[in-house]
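The values are calculated or read from the model by the stated rules, or taken from the named source; none is laboratory data. Note that this is a predicted model, so its numbers are computed, not measured. Methodologically, a virtual Cβ is constructed for each residue, glycine included, from the backbone with ideal geometry; neighbour enumeration extends over all protein chains shown.
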Ligand code: F6P
């Protein structure tokens, strides 16, 4: 199948490992198959507005350790609801498909999370030669055991908790660390467990302020004069709404969560008099060089995705299952979010260690 041109784009929030995946797709396409590779700039924005560039072997050399994406990304541009010059959003998906034709692209690799891959799934009705590659620090994509970006983010969260421990211990404070993850608690659960958080609050287990206070007091009674609370940005008290930080109007997923950490810290200080501070780790979790695990995962995904294209297996997403990268239906992978369940083995592990979930 020499003579083929494949396209690649990165959409949604950046995360460590995107460049490793771009490199793997490009090198495998060139070396294994002799294909040409076109990088589409700024995700679907470049696809809609016709911006792309050819990617050579040299273009993807030395990018493996880099964070971010050399192609740029956008989490605002959906071909099905695109705002131009301040006008109401409209469906410009035909224009996106025209650009693919103009560039002679006969297979498109979309690297993204739930938002980007849901758009890719929708695009299949107009251009059926798409393959998804799953990335997101949130690890909330269905059908795959892990997305790349998650491991690096959790390493950062763990190291941050380690650092905050010193201040918590020295000042006898309650230190609250707010982490990302949108509506999924994976980063808080896994980062919190690895960092030894005393209380972990996740969206899937709505919390009670009273139970958090109880847990802090319980620790005090045992002589522990400090507590570390790891709270997911999507955690919320039972019966209440998410803490919303910002609405990004022209984004397909406009809600940006944030602020629950401050609320928890303020509540504890007000009700117990125990000095409390909140730290929001924010976008630091998405930065930096990918971890060993994320490099291997992103590379494996990229190479597998190219092999699916070579076998004309489209409408698929590369997924991690028991250590292997396998094709799964894009349709199923984007049919909802992968969330933490109350009986998940890591929830049970945390409970066995005396960690409170604020319930
Ligand atoms: O999906 C990745 C993520 O970092 C979420 O964890 C977070 O809620 C969101 O993106 C932040 O988006 P933005 O970069 O638009 O503020």
Q) Tell me, which residue of the stretch 278-325 that is assigned to a loop (DSSP other than H, G, I, E, B) and touching a strand residue (DSSP E or B) at 6+ places or on another chain (Cβ under 8 Å) is nearest to residue 212 (Cα to Cα)? A) 281
**Q.** Given (1) in a loop (DSSP other than H, G, I, E, B); (2) touching a residue at least 12 places away in the same chain (Cβ under 8 Å), index of the condition residue 125 fails
**A.** (2)
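Here are some residues: 152, 158. Which one is buried (at least 21 other Cβ atoms within 10 Å of the Cβ) and either in a helix (DSSP H, G or I) or within 16 Å of the ligand (Cβ to nearest atom) (or both)?
Values: 158 fails: buried (at least 21 other Cβ atoms within 10 Å of the Cβ).
Only one candidate passes the filter, namely 152.
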Q) Does residue 178 satisfy the criteria of being touching a residue at least 24 places away in the same chain (Cβ under 8 Å), outside the structural domain of residue 141 (by TED's automatic domain parsing) and touching a strand residue (DSSP E or B) at 6+ places or on another chain (Cβ under 8 Å)? A) yes
Q.
Against the definition (assigned to a loop (DSSP other than H, G, I, E, B), touching a strand residue (DSSP E or B) at 6+ places or on another chain (Cβ under 7 Å) and over 30 Å from residue 88 (Cα atoms)), how does residue 358 come out, yes or no?
A. yes
Q | Test for residue 48: is it assigned to a loop (DSSP other than H, G, I, E, B), away from the ligand (no atom under 16 Å from the Cβ) and touching a helix residue (DSSP H, G or I) at 6+ places or on another chain (Cβ under 7 Å) | A | no
Q. Within the stretch 131-149, can you find the residues that are buried (at least 24 other Cβ atoms within 10 Å of the Cβ) and away from the ligand (no atom under 14 Å from the Cβ)?
A. 131, 132, 133
Q: Would you check if residue 24 is under 22 Å from the mean Cα position of the chain (by Cα), under 15 Å from residue 131 (Cβ atoms) and in contact (Cβ under 8 Å) with a residue 24 or more places away in the chain?
A: yes
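Right, residue 250: modelled with pLDDT of 95 or more and surrounded by fewer than 16 Cβ atoms within 10 Å (Cβ to Cβ) or not?
So residue 250 does not fit the description; no.
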(Q) Just to verify a result, which residue in the stretch 108-122, among those that are buried (at least 24 other Cβ atoms within 10 Å of the Cβ) and not in a strand (DSSP E or B), is farthest from the ligand (Cβ to nearest atom)? (A) 120
Q: Return a yes/no flag: does the stretch 107-121 have any residue that is over 23 Å from the mean Cα position of the chain (by Cα) and under 17 Å from residue 41 (Cβ atoms).
A: no
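Residue by residue, here is whether (1) within 16 Å of the chain's Cα centre (by Cα); (2) buried (at least 16 other Cβ atoms within 10 Å of the Cβ); (3) free of Cβ contacts under 8 Å to residues at least 60 places away in the same chain holds:
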site	(1), (2), (3)
287	yes, no, no
297	yes, yes, no
318	yes, yes, no
331	no, no, no
Q.
Looking only at residues that are in contact with a helix residue (DSSP H, G or I) (Cβ under 7 Å, 6 or more places away or on another chain) and within 16 Å of the ligand (Cβ to nearest atom) in the stretch 161-185, which one is farthest from residue 229 (Cα to Cα)?
A. 181
**Q.** Segments classed as strands (runs of 3 or more DSSP E), wholly inside the stretch 202-277, with at least 3 members that are on the phi < 0 side of the Ramachandran plot and either away from the ligand (no atom under 16 Å from the Cβ) or over 29 Å from the mean Cα position of the chain (by Cα) (or both)
**A.** 227-232
**Q.** Scan of the stretch 161-199 for residues that are surrounded by fewer than 19 Cβ atoms within 10 Å (Cβ to Cβ) and in a helix (DSSP H, G or I), ordered by number
**A.** 162, 163, 165, 166, 167, 169, 170, 171, 194
